[in-house]
Amino acid sequence: MTRNSRPLAQLLIIDPQNDFCDLPRQWWPLSPLDGLVTAPALPVPGAHADMQRLALWMAAQGQSLEQITVTLDSHQAYDIAHPAFWQQADGGAVAPFTQITAAQLRAGEYAPRDAQQLQPSLQYLDALEAQGRYKLMVWPMHCEIGSWGHGVHADVLAACRQWQEQQHRAVRTVFKGMNPWTEHYSAIRAEVPDVQDPATNVNEGLLACLRASELVVIAGEASSHCVRATTEHLVEHWQGDLSCLVLLTDCMSPVSGFEQAHADFVQRMRASGVRCETSASFNI
């Protein structure tokens, strides 16, 4: 415990990125090449307000936070969960928000644009579906490394900067999703670890950092996917009292169409012992 008897607390912010936020149009940047605006690629309804609430909570509670960890979804254009990877049977493009199953791949309804990736893709989908957590979703290209969409929501970024200036320490940043052959919703490990890429296995360093805190407060986007996957893996590997984990439920929202996944996730976490609070009422 700290000298003022408060717990050693850490804030884990999962993917608070522009591409996931339903930002007002005036927040969209202009392209220097053609003067067109860049819209968020995969906006989660309610995420902008979530991140503004989180930033206010950080400003109020920052003095009590020993550490802030921010995870960043980080992709290339060519990725197994992006349209550039796939084609339809006739060679046509695969639209975003298309779900592809191993059975459809075997039936020839879809195929990788690179024919050499057919067998590896089948092996991946078989392994993914065997876990029963997710099926492959082809998302709009999002969080492209180096893009505006990859960046952190401005209010959260400002709150992180203020905390660093006050506490004289750096925010810890964790990148995930750079391997194009597997989905990486969770910051703890990829959905199907790539045996050739240690970065897709369990992130023991992140786990050790989180376990070093007596209280881990979790917020971010989206509650149906990356927040859910990270928290579930954290619970699986926690090795202690799960009441040390706190979900700020008003600082996260589900992808549109996945509201039930959000509700089920919160219910399971509450039943497991994870605390579910709101930023308006939770103080460290």
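Worth a mention:
- Charge dipole of the chain about the Cα centre (unit charges at C-beta), most positive-ward option of A170, Q52, Q267: A170
- Here each label is just a point 7 Å from Cα along the line to Cβ, and for Q166 and T98 those points are 4.8 nm apart.
- Most mobile listed residue (L248, L54, L125) in the chain, GNM with C-alpha springs under 10 Å: L125
- Considering only Cα atoms, the convex hull volume of segment 159-229 works out to 113 Å³ per residue.
- Taking every alpha-carbon pair in segment 111-234 and binning the separations at 10 Å intervals from zero gives 10, 36, 36, 13, 4, 0 percent.
- In order through segment 170-182: 3J(HN,Hα) via Karplus (6.51 cos²θ - 1.76 cosθ + 1.60), integer Hz, x for Gly, Pro: 8, 5, 8, 10, 10, 8, 9, x, 6, 7, x, 9, 8
- Of D155, D197, D50, the one that fluctuates the most in a GNM where the chain has Cα springs shorter than 10 Å: D197
- FRET efficiency, 1/(1 + (r/R0)^6) with R0 30 Å, evaluated for T173 and A115 via beta carbons: 0.20
- Solvent exposure of the chain as accessible area per residue, Å², 1.4 Å probe: 44 Å²
- Atom-type composition of the exposed protein surface of segment 147-266 places 52 percent of the accessible area on carbon and sulfur (1.4 angstrom probe).
- Separation between Cα centres of segment 42-67 and segment 125-186, rounded to whole Å: 16 Å
- Protein accessible area in segment 16-79, 1.4 Å probe - carbon and sulfur %: 59 percent
- Near Q99: Cβ cut-off under 13 Å, other residues only, Lys/Arg at +1 and Asp/Glu at -1. The net charge is -2.
- Loop-exposed trypsin sites (Lys or Arg not before Pro) per DSSP, neighbour cap 15 Cβ within 10 angstrom, longest uninterrupted part of the chain: 170-284
- Estimated FRET transfer efficiency when R0 is 25 angstrom, pair R106-D264 (beta carbons, to 0.05): 0.25
- Gaussian network model of the chain, springs between alpha carbon atoms under 10 Å - residue of G177, G46, G108 with greatest fluctuation: G108
- For T98, the residues whose modelled amide H falls within less than 5 Å of its own, excluding neighbours fewer than 5 places apart on the same chain, are V138.
- A full extension of the chain between Q196 and A49 corresponds to an added length of 49.0 nm, given 0.36 nm per residue minus the alpha carbon distance.
- Taking Cβ atoms as reference points and 14 Å as the exclusive limit, the residues near D155 contribute a net charge of -1, counting Lys and Arg as +1 and Asp and Glu as -1.
- Computed label-point distance, nm, for sites A158 and L56 using a 7 Å Cα→Cβ extension: 1.4 nm
The values are calculated or read from the model by the stated rules, or taken from the named source; none is laboratory data. What you see is a predicted model, and the numbers here were worked out from it, not measured in a lab. Using ideal geometry, Cβ is built from the backbone for each residue, glycine included, and neighbour counts are taken over all protein chains shown. The area values use the complete protein model at the heavy-atom level, side chains included, leaving out ligands, DNA and RNA. Shrake-Rupley method; radii C 1.70, N 1.55, O 1.52, S 1.80 Å.
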